[in-house]
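Step one of this worksheet: look at the structure below.
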Amino acid sequence: MTLALVDIPFEVRHHCWFCGEPCNLLFEYHAPTHARHPSLTIPACKECRDLAKFQPLTSIYECRTAVKDGLMRRYAKHLAIGLNWTKDELAQADFTCKTLQSFQRSAWFMYEVARDRINFAGWPLVLDGVPLAETLPDTRFNFDGISYSSVFAAIEHYGKVMALDKSFLSGIAAIVGKQRFGYAIRLARLHLVSDAATKRRVIRELLQDQSAAS
Ligand SMILES: [Zn+2]
């Protein structure tokens, strides 16, 4: 038996609900018994569908978070282009070797595609005119033009592309808060080669500053 297809707004017909890429496939989501919404079918590209199959989790919304995290891991290098360059810097860079020249031509485009797929918010799910309740608390975290599924996902990403100590970064972020995530990254970069004792001291000082301020 095929599951009911969600309503699809005209302007996004033939687009993946997860990432917004053009697509002509469907993904059948079999809701677990404790899910707060019925089983359903949504349009999906092959890549997102394959990611979604392995992470059904407890609802279609959690499934989507897992798909976005999967895309982010897969395209970490493309997303890193936007961290390391601006569009103008890249266009003006004077690459002499052929490999880098082809990188220069395609890099910004690859970055934009990856960023837009991560950021695509889908459309509200409606089955036969009845909107599905989105029951999950929204953990999304926006930083520097990218919408992460959570602060944790942002820490994972920055840890990977900037080779930062992830537990140190998450320690700093936990103290200074996600509003000062940029500061947390700068501090973690500053201590890229510091030893464990120095990092512990930094954390201790941040805690002291915080209790002094409150
Ligand atoms: Zn997709």
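The values are calculated or read from the model by the stated rules, or taken from the named source; none is laboratory data. These numbers were taken from a predicted model, which means no experiment stands behind them. Cβ sites come from the backbone with ideal geometry, for glycine too, and all protein chains shown count toward neighbours. Please note that ligands, DNA and RNA were not included when accessible areas were found on the heavy atoms of the full protein model with its side chains. Shrake-Rupley method; radii C 1.70, N 1.55, O 1.52, S 1.80 Å.
A few notes on this one:
- Computed about the Cα centre, the dipole magnitude for segment 65-113 is approximately 260 debye when only Lys and Arg (+1) and Asp and Glu (-1) carry charge, each at its Cβ.
- Cα gyration tensor shape for segment 98-193, rounded if a/c is under 1.5, else prolate or oblate: oblate
- Each label was represented as a point 7 Å from its Cα along the Cα-to-Cβ direction; for residue 213 and residue 167 these points are 2.5 nm apart.
- Solvent-accessible area of the chain (1.4 angstrom probe, protein heavy atoms only): carbon and sulfur portion equals 55 percent.
- Looking at the chain, the DSSP beta bridges with both ends there are about 90 percent antiparallel.
- Once you reduce segment 88-160 and segment 1-44 to the center of their Cα atoms, the two points are 21 Å from each other.
- FRET efficiency, 1/(1 + (r/R0)^6) with R0 22 Å, evaluated for residue 55 and residue 143 via beta carbons: 0.40
- Multiplying the residue separation of residue 12 and residue 73 by 0.36 nm and subtracting their alpha-carbon distance yields 19.4 nm.
- Pairs of lysines in segment 10-128 whose Cα atoms sit within less than 21 Å of one another amount to 7, provided the residues are eight or more positions apart or on different chains.
- Rolling a 1.4 Å probe across the protein heavy atoms gives the chain an accessible surface of 58 Å² per residue.
- Point-charge dipole on Cβ atoms (K/R +1, D/E -1) for segment 174-214, about Cα centre, debye to 20: 120
- Label separation (residue 150 vs residue 36): 1.7 nm, computed from points 7 Å beyond Cα along the C-beta direction.
- Our helix-only sum for the chain, with -39,500 (n - 2.57) per DSSP H run of n ≥ 4 divided by its residues, gives a mean residue ellipticity at 222 nm of -16000 deg cm²/dmol.
- Sequence-distant residues sharing a close amide H with residue 132 (under 5 Å, placed H): 125, 126, 127
- Label zone at residue 84, where the point sits 7 Å out along the Cα-to-Cβ direction: segment 166-197 residues whose backbone N lies under 17 Å: 189
- Charge dipole of segment 10-128 (Cα centre as origin; +1 on each Lys and Arg Cβ, -1 on each Asp and Glu Cβ, all else neutral): 260 debye, rounded to the nearest 20.
- Compared with the direct C-alpha span, the chain from residue 26 to residue 92 gains 19.6 nm at full extension, assuming 0.36 nm per residue.
- Under a 5 Å amide H cut-off, with hydrogens placed 1.01 Å from N, residue 44 pairs with 17, 25, 26, 27 among residues at least 5 apart or on other chains.
- Computed lengthening from residue 4 to residue 101, 0.36 nm per intervening residue step minus Cα-Cα distance: 30.1 nm
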